[in-house]
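We did not get these values from a lab; they are worked out from the coordinates using the rules stated. This one's a predicted model, so the numbers in the text were calculated from it and none came from an experiment. Cβ sites come from the backbone with ideal geometry, for glycine too, and all protein chains shown count toward neighbours.
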Amino acid sequence: MTYKVISNVFLNHFKKNIKTMIYSIFFSILILFSNTIANGKNPPSENEGDVIIKVTNIENMKGELLVGIYDSKKTFRKVKKVMKYAVKEVEDGTEVVVLEDIPAGIYAVALFQDFNGNRKFDKNFMGVPKEPFGFSTNYIVKRRAPMFKEVTFQHNGTSTELEIQVQEW
């Protein structure tokens, strides 16, 4: 009888220690990922790489370039639903903007040059753009803005280079 009691006490103690160890490992992993997320970065992935955008044909050397990358037709050209964006001060007729850590996939890039610093794509009363803009695949705007499928490109997850020419209406 005493042997059974001793073995039960030992097993209960062992189970508590295993449980404590599992909780410790779980919380250590949780803290590791929460620190990564708190620093504004996702955990590194093998299939993430930079999208390097060379913006050309900039005629007016003022304002900022606002460049956004979109991953679906539902979010395309919606400022609040951009997957990732970058802002670059315009200093030259050609600027390079890098969007870092983009997973492999199909994307579209839209950009505009913000002359007045309001970070909005300004249009006149008829909806005609007042500021220069551009899209991946260098879609030429004639009567309407492009659809997502007309400006998509494949990003392989390592490094993708695009050249986008700024255009004016």
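Only a single item in (1) free of Cβ contacts under 8 Å to residues at least 24 places away in the same chain; (2) in a loop (DSSP other than H, G, I, E, B); (3) of a type in the set (K, R) is not met by K80, and it is number (2). Considering the conditions (1) surrounded by fewer than 17 Cβ atoms within 10 Å (Cβ to Cβ); (2) in contact (Cβ under 8 Å) with a residue 60 or more places away in the chain; (3) in a strand (DSSP E or B), I106 is excluded by exactly one of them, (2).
Checked against the criterion of being under 22 Å from T56 (Cβ atoms), β-branched (V, I, T) and crowded, with 16+ Cβ neighbours inside 10 Å, the candidates V98, V90 yield just one match: V90. Determine whether F121 is within 16 Å of G68 (Cα to Cα) and in a strand (DSSP E or B). Answer is no for this residue.
When T94 is tested against (1) among the β-branched types (V, I, T); (2) touching a Lys or Arg at 6+ places or on another chain (Cβ under 7 Å); (3) touching a residue at least 60 places away in the same chain (Cβ under 8 Å), just one condition goes unmet, and that condition is (3).
The residue that is farthest from G63 (Cα to Cα), among those in segment 117-169 that are touching a Ser or Thr at 6+ places or on another chain (Cβ under 9 Å) and of a type in the set (V, I, T), is T152.
Residue-by-condition table, conditions (1) part of a loop (DSSP other than H, G, I, E, B); (2) under 16 Å from E95 (Cα atoms):
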{"position": "M126", "(1), (2)": "yes, no"}
{"position": "I140", "(1), (2)": "yes, no"}
{"position": "P146", "(1), (2)": "yes, no"}
{"position": "K149", "(1), (2)": "no, no"}
{"position": "F153", "(1), (2)": "no, no"}
{"position": "G157", "(1), (2)": "yes, no"}
{"position": "E161", "(1), (2)": "no, yes"}
{"position": "I164", "(1), (2)": "no, yes"}
{"position": "W169", "(1), (2)": "yes, no"}
